[in-house]
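Contents: one structure, followed by commentary.
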Amino acid sequence: MRLLDNFKDPQLCKALLERIHSELDGELRFMEVCGTHTVSIFRSGVRSLLSDKVVHLSGPGCPVCVTHDSEVAAFLDLAGRDAVITTFGDLMRVPGPDRKTLKGAQAEGARVKVVYSPFDALKIAQDNPGDKVVFLGVGFETTAPAIAATVKAAREEGVTNFSVLCFHKLVPPALEALVGDPELRVQAFLLPGHVSAIIGVEPYRFLARKHGLPAVIAGFEPVDILQALHLFVTMRKQGCVDVVNAYTRVVSDTGNPKAMSVMDEVFAPCDALWRGIGMIPNSGLAVREEFAAFDAMRVFGLTLRDVPAIKGCRCGDVLKGKLSPNKCPLFGKACTPAAPVGPCMVSTEGSCAAYYKYHV
Amino acid sequence: MCLAVPMEVVKIDGKTAEVQIAGTYQNVRLDVLPETLEVGDFVIVHAGFALTRLDREEAIATLKLFEEGLNIALT
Amino acid sequence: MRVERVLLDYGSGGKASHRLIGELFVRHLGNEVLNRLDDAAVLNISGPISVSTDSFTVDPIFFPGGDIGALAVHGTVNDVAMLGARPRYLTCGFILEEGLPMADLERIVQSMGRAAREAGVLVVTGDTKVVPRGMVDKIFINTTGIGEIFVPVAPSGHRARPGDVILVSGFVGDHGLAILSRREGLNFDAPVLSDCASLNHLVVRLLEAVPEVHVLRDPTRGGLATTLNEIAGQSGVECRIFEDRVPVRPEVSGGCSFLGLDPLYLANEGKFLCILPAEHARQALDIMQADPLGRDAARIGEVRAGHPGKVVLETPLGGTRLMDMLEGEQLPRIC
């Protein structure tokens with residue numbers, strides 16, 4: 001649609017950049033918590049056009065990066081069993097505790113298939129009734145409803161050889177944990193547009209009310225991002241602190257109640273482990289008892305095992321905005337996209353990986 | 001984190017719809033879409049699912065704000 | 001209906017093998033050199049030659065715009081031509097999976113014959129092995145190409161110099177997306193054909209007119225981005241690319257957008273990059289654009305000294321970012 005191309009318009013971006021730079025008083029340290037924002041800010045060149053006073057920080061916004069070592073170990077355990085693993089491409093190169101990956105498991109004979117949609121995984125199960133097909137469920141609130149809907153469809157269609165290994169994560173509890181850290185050095189939050197399309201505005205209100213932090217729900221085109229930055233500048237100028245929905249073409253203030261209810265029908269909140277951060281209460285999703293037959297944890301009797309913390313890795317500080325990726329002693333040396341050590345280097349959307357890949 | 005793109009609805013068929021972007025077509029599930037759809041609508045697609053309908057009026061309104069606030073003419 | 005299939009006997013060297021060679025390979029690929037069917041081919045070449053070998057495996061073996069047979073000819077012909085040579089001869093080795101439908105094999109060999117004739121090369125020797133079912137995926141083909149170098153100094157990835165300009169012969173990413181659109185687990189339909197084609201006639205014309213070309217390279221696996229990184233590394237220069245000047249079909253960008261892929265990393269099988277001094281760029285572009293295989297050629301960037309070994313992309317907003325080499329194959333992603 002031609003209309004949407006306007007959100008990439010160079011002239012508009014230039015005008016917004018000028019406004020941001022001329023109206024900004026002091027330093028603006030903003031954090032996004034969405035890997036798609038991370039990549040968009042680097043790829044569009046926006047980052048290279050921001051003045052030194054506008055500091056871009058990437059928080060724990062990549063569901064692949066925050067998938068815990070012990071969860072990756074569970075994927076890999078499963079790959080060693082008699083099952084067909086179906087997954088989003090994102091997880092293929094994520095290293096487990098002993099640096100093994102699904103790619104490596106595939107080379108050793110595991111049956112691993114990359115799919116675009118969880119529904120494609122269900123179809124593989126239906127086409128191969130003799131195989132046990134497992135889908136690796138990762139992602140935030142954007143992705144969880146799709147997987148819940150797939151589980152519901154599997155039950156409706158009487159599919160008995162399909163299950164989901166569910167390691168979904170929820171954004172607001174992670175934000176809450178993050179802002180609770182007194183050492184956090186962030187002045188404003190760029191909120192994830194597509195998560196917000198599902199959960200709406202309400203779950204973020206505490207940022208402004210409780211913590212006095214301005215936040216803007218933004219889309220992913222360069223104009224969307226610059227608009228959000230300009231809103232931060234304007235709020236500061238006017239002395240107001242609010243949570244603003246600037247992605248109104250996609251996000252309704254109340255979110256998507258239907259998606260929420262599908263998600264709630266299949267999953268229940270649970271405590272979850274985040275790579276680089278640790279345990280965050282009620283920040284994950286577990287398959288409800290009624291859908292136990294589709295829960296790979298139960299079907300295969302899997303448990304999460306303890307894995308040692310990664311030595312020397314400062315991802316925790318990077319995720320909190322305390323350390324720039326290139327200041328970590330491992331960055332680009334012991335830790336590269338080819339051999340990632342910490343979560344931020346794992347996926348292309350991780351803050352360290354994006355820095356490594358795009359920063360000139 | 002969540003790659004999702006607007007695609008145009010070409011055909012609606014119960015729980016699925018055919019959508020396109022620049023001549024590339026795919027079928028998406030409508031299980032979690034809250035709105036009813038019409039051919040020609042745009043939906044935000046993520047992992048083979050339509051998440052929500054794109055609100056054209058809101059897109060126009062946002063751009064209008066820019067045109068007025070920044071004194072820029074957009075096409 | 002019974003489907004006639006490739007049997008292990010066809011690779012035995014006995015009568016079955018001879019039948020396959022006579023009825024299939026010689027029929028579609030035959031010429032005065034191959035038809036002698038001696039242990040080796042006798043070639044008459046003088047001067048410096050360019051030799052390249054490549055093994056082809058692709059899933060699916062038939063894809064929109066081509067098949068593994070045509071690909072095995074085009075791929076090697078192009079590699080030979082990029083060194084400033086006229087490709088003359090090809091050898092080809094087949095590894096076939098027992099049970100491959102004969103009709104598929106015939107279609108592939110026929111397509112190779114057509115591609116070789118169009119490229120003006122002779123298949124001079126070949127080999128066939130059949131392995132038990134499951135030992136290979138349907139068919140693997142190896143081809144080696146030999147060509148006569150006709151330029152005084154061969155183009156090379158080491159010769160890019162600051163001040164040179166970077167041209168590409170047309171739309172990038174077509175082959176990669178066409179293949180992906182037929183992969184299991186990805187259901188989408190793109191009206192995109194593989195660009196697979198032999199570029200030698202165009203390349204010969206270009207180099208005869210503009211022998212000053214410094215680098216010629218076909219950006220196959222890993223796409224434009226990977227090839228530019230190779231060149232930047234080999235020559236110790238910066239390749240600066242202007243994103244909005246790189247020709248990408250809207251259908252390819254569209255398909256890439258929802259799969260989370262970057263067209264600049266998708267494979268091409270009928271495109272080349274040409275790096276040469278700025279004063280010859282116009283002439284080179286005119287020659288490329290006059291040929292159907294180079295109709296959409298464009299000037300996409302320039303060689304600089306600033307960041308040696310790196311590829312820097314200038315975005316439509318005027319920002320810059322690195323265009324790094326990928327770790328491995330691009331995978332569809334949700335993040």
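Values quoted throughout were computed directly from the atomic coordinates according to the rules given, and no laboratory measurement underlies them. The structure presented is a predicted model; accordingly, all values stated were derived computationally and were not measured. Ideal geometry is used to build each Cβ from the backbone, glycine not excepted, and the neighbour counts take in all protein chains shown.
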Per residue of B:59-67, other chain Cβ atoms within 10 Å number on average 5
Any residue on another chain or 5+ positions along whose placed amide H is under 5 Å from the amide H of C:Arg5 is listed here as C:Met102
Honestly chain C on the Cα gyration tensor test (a ≥ b ≥ c root eigenvalues; a/c under 1.5 rounded, otherwise a/b vs b/c for prolate or oblate) is just oblate
C:Arg245 and B:Leu37 label points (each 7 Å along its Cα→Cβ direction) are spaced in nm at 4.0
In whole angstrom, the spacing between the Cα centers of segment C:84-106 and segment A:40-85 equals 42
The answer for B:Phe49, listing residues at least 5 apart or on another chain whose modeled amide H is closer than 5 Å to its amide H, is B:Arg29
Rounded to the nearest 5, the percent of DSSP beta bridges in chain C running antiparallel is 75
One would report the antiparallel percent of DSSP beta bridges in segment C:164-322, rounded to the nearest 5, as 85
Magnitude of the Cβ-charge dipole (Lys and Arg +1, Asp and Glu -1) of the protein assembly as shown about the Cα centre, nearest 20 debye, reported as 1200
Counting other chain Cβ atoms within 10 Å of each Cβ in A:9-20 and taking the mean gives 4
By the C-alpha gyration tensor axes a ≥ b ≥ c (rounded if a/c is under 1.5, else prolate when a/b exceeds b/c, else oblate), the shape of segment C:164-322 is oblate
Averaged over residues of A:25-35, the number of beta carbons from other chains lying within 10 Å of each residue's Cβ is 1
Each label sits 7 Å from Cα toward the beta-carbon; between C:Arg27 and C:Glu106 the label points are separated, in nm, by 0.6
Mean Cβ-within-10 Å packing, highest first, puts peptides C:118-128, A:350-360 in the order A:350-360, C:118-128
Looks like segment C:236-303, by Cα gyration tensor root eigenvalues a ≥ b ≥ c and the a/c under 1.5 rounded cutoff (else prolate when a/b is bigger than b/c, oblate otherwise), is oblate
Straight-line reach check, C:Lys271, cutoff 25 Å on alpha carbons, 8 or more apart in-chain or any other chain, hits among lysines -> C:Lys310
Stokes-Einstein, Kirkwood over Cα pairs, the protein assembly as shown, 25 °C, 0.890 mPa s; D in µm²/s equals 88
With a Förster distance of 51 angstrom and the Cβ-Cβ distance between C:Asp127 and A:Glu202, calculated FRET efficiency to the nearest 0.05 equals 0.15
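Roughly what % antiparallel, to the nearest 5, for the DSSP beta bridges in the protein assembly as shown?
If I count the DSSP bridges inside the protein assembly as shown, around 60 percent turn out antiparallel.
Please give the contour-minus-distance gain from A:Asp253 to A:Lys14: 0.36 nm per residue of separation, less the Cα-Cα distance, rounded to one decimal in nm. Numbers along the way, then the final one.
Working: separation 239, 0.36 × 239 = 86.04 nm, distance 2.90 nm.
Full extension of this stretch gives 83.1 nm more.
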Across C:Phe56, C:Phe171, C:Phe258, the residue with the highest GNM fluctuation in chain C (Cα network, 10 Å cutoff) is C:Phe258
Under the Karplus relation with 6.51, -1.76 and 1.60 and θ = phi - 60°, whole-Hz ³J(HN,Hα) for segment C:299-312, x at Gly and Pro, equal 8, 10, x, 8, 9, 10, 9, x, 10, x, x, 10, 10, 10
For segment C:8-149, the convex hull over Cα atoms projects on average to an area in nm² of 8.2
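What list do you get for A:Val244, C:Val204, A:Val72 if you sort them by fewest beta carbons within 10 Å?
Details: A:Val244 22, C:Val204 19, A:Val72 25.
Neighbour counts put them in this order, fewest first: C:Val204, A:Val244, A:Val72.
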Rounded to the nearest 0.05, FRET efficiency between A:Asp317 and C:Asp189 (Cβ-Cβ, R0 45 Å) equals 0.45
Summing -39500 (n - 2.57) over every DSSP H run of at least 4 residues in chain A and dividing by its residue count gives a helix-only mean residue ellipticity at 222 nm, to the nearest 500 deg cm²/dmol, of -11000 deg cm²/dmol
Quick calc: nm separation of the 7 Å Cα→Cβ label points for B:Asp13 and C:Arg282 -> 5.4
Relative to chain C, whose Cα atoms define the longest principal axis, helix C:68-81 and its Cα axis are tilted in degrees, nearest 10, by 50
